[in-house]
Amino acid sequence: MRPWNFSAGPSKFPEAVLKTAAAEMLDWHGSGMSVMEMSHRGKEFMRIRDEAEQDLRDLLQVPDEFAVLFMQGGAQAQNALVPLNLLGLKPAAKADYVVSGSWSKKSFQEAQRFGDIQLAASSDSVSQIDGAERSALAWFPEPNTWKVRADSSYVHVCSNETIGGVEFNDWPQLDVPLVVDVSSNILSRPLDFTKVDVAYAGAQKNAGPAGLTLVMVRKDLLGVTSDQCPQAFNYELVAKNDSMLNTPPTYSIYLAGLVFKWLKEQGGVGAIEQANIAKAQLFYSYLDNSDFYRNTVEPSVRSRMNIPFLLREPELDKVFLVEAEQAGLLQLRGHKSVGGMRASIYNAMPLEGVQALVDFMQGFEARHG
Ligand SMILES: *Cc1c(COP(=O)(O)O)cnc(C)c1O
């Protein structure tokens, strides 16, 4: 058996997908070609691409009013591409950003280069709620506190802060378009396209290989791209060309397509959401009942995907990682800005893997606590 891989990203793939890819590596469906060797305009690859788009649409129930784009450059490229493509929606070239963690902070900072960008709200400070203190970036600014300017082109948020472990999905109905970075919780739960106008994701957390980027954008927001935007990253042109404006990342699209088919076999997003709830409950209830480990995120916005946790004695961090690896539990080191550990339990991680981690942690506590 392979070890359990808790990497935050690039992260664990469904094993069945890796096996299919291996079996099809030299000869895809009797074509005599590896997918890597196919023309992106040939009938074989066109079928792979079309099915990937349709499967993604089916899984997330993406309405017909939305274009689905397969782009490149990862989610961080979108930090520039979102303003370049969308600030032109209104003459003032303004946008408002909600900062709830490291990723949305990066988005906010990069956008500054392109227009009049302001904070709608930020959790980057210690604050009080009901007399209790909440630590910086360990909570989510409630939508009724957002300052959204009426002449803004859009509001930008992040639905799951991969580093801080903060997740929020209860979007308000806004008068300006809502742009959501869904990189680390896409396909782990439904996405409400009545409230979300643009959603983008780097694929490497829950959808496929690093580099591939999924963008779902309401078609009536297209056509206002800045002249400064590289043509290969112009949403409207990419949409018009079915993501074939330039050579798309063909092999990555194929792998993402296999992940989508695997998800359908699991029963779709509704079924995987139930599995994700069960996994997160198992892990958080263990953490909450231990005084050896702790998670400091406000309980109502704890991420189902990324669970940072601290050991009571940080001197034990190194030993924990060594022993975990010996036990077949990989890549648990926390992000350097948070410290401690982080267990990323995306769609591809079964309950069994989370149980193995909890069992190990119990044993570790017994030996060192
Ligand atoms: C990983 C991640 C990114 C960055 O993705 P890249 O593909 O490395 O650019 C951005 N936002 C979130 C929420 C992420 O988890």
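The values are calculated or read from the model by the stated rules, or taken from the named source; none is laboratory data. Note that the structure is a prediction, hence the values are computed from the model and not measured. Here Cβ is always computed from backbone atoms with ideal geometry, including for glycine, and neighbour counts include all displayed protein chains.
Overview of values
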| quantity | calculated |
| --- | --- |
| Output for segment 98-147, where each listed residue is basic (Lys, Arg) and buried (at least 16 other Cβ atoms within 10 Å of the Cβ) | LYS105, LYS106, ARG134 |
| Residue identified as surrounded by fewer than 19 Cβ atoms within 10 Å (Cβ to Cβ), touching a Lys or Arg at 6+ places or on another chain (Cβ under 9 Å) and without any contact (Cβ under 8 Å) to a residue 12 or more places away in the chain among ASP50, ASP27, ASP64 | ASP64 |
| Subset of segment 271-296 (residues that are farther than 16 Å from LEU311 by Cβ and of a type in the set (A, V, I, L, M)) | ALA271, ILE272, ALA275, ILE277, ALA278, ALA280, LEU282 |
| Enumeration of residues in segment 226-253 that are closer than 30 Å to MET25 by Cβ, among the polar types (S, T, N, Q) and touching a residue at least 24 places away in the same chain (Cβ under 8 Å) | SER243, THR247, THR250, SER252 |
| Given (1) assigned to a loop (DSSP other than H, G, I, E, B); (2) buried (at least 22 other Cβ atoms within 10 Å of the Cβ), index of the condition ASN85 fails | (1) |
| Conditions (1) at pLDDT 95 or above; (2) within 27 Å of ARG342 (Cα to Cα); (3) away from the ligand (no atom under 11 Å from the Cβ): number failed by THR213 | (3) |
| Elements of type helices (runs of 4 or more DSSP H) in segment 205-310, at least 2 residues being farther than 21 Å from GLU51 by Cα, among the aromatic types (Phe, Trp, Tyr) and assigned by TED's automatic domain parsing to the domain that holds GLN362 | 268-288 |
| The listed residue being under 24 Å from GLY208 (Cα atoms) and either touching a Gly at 6+ places or on another chain (Cβ under 8 Å) or more than 16 Å from the ligand (Cβ to nearest atom) (or both), out of ALA92, ALA67, ALA80 | ALA67 |
| Qualifying residue in segment 193-202 (condition: within 23 Å of ALA343 (Cβ to Cβ) and either in contact with an Asp or Glu (Cβ under 6 Å, 6 or more places away or on another chain) or in the same structural domain as VAL157 (by TED's automatic domain parsing) (or both)) | yes |
| Filter result (more than 12 Å from the chain's Cα centre (by Cα) and charged (D, E, K, R)) within segment 158-201 | ASP170, ASP175, ASP192, LYS195, ASP197 |
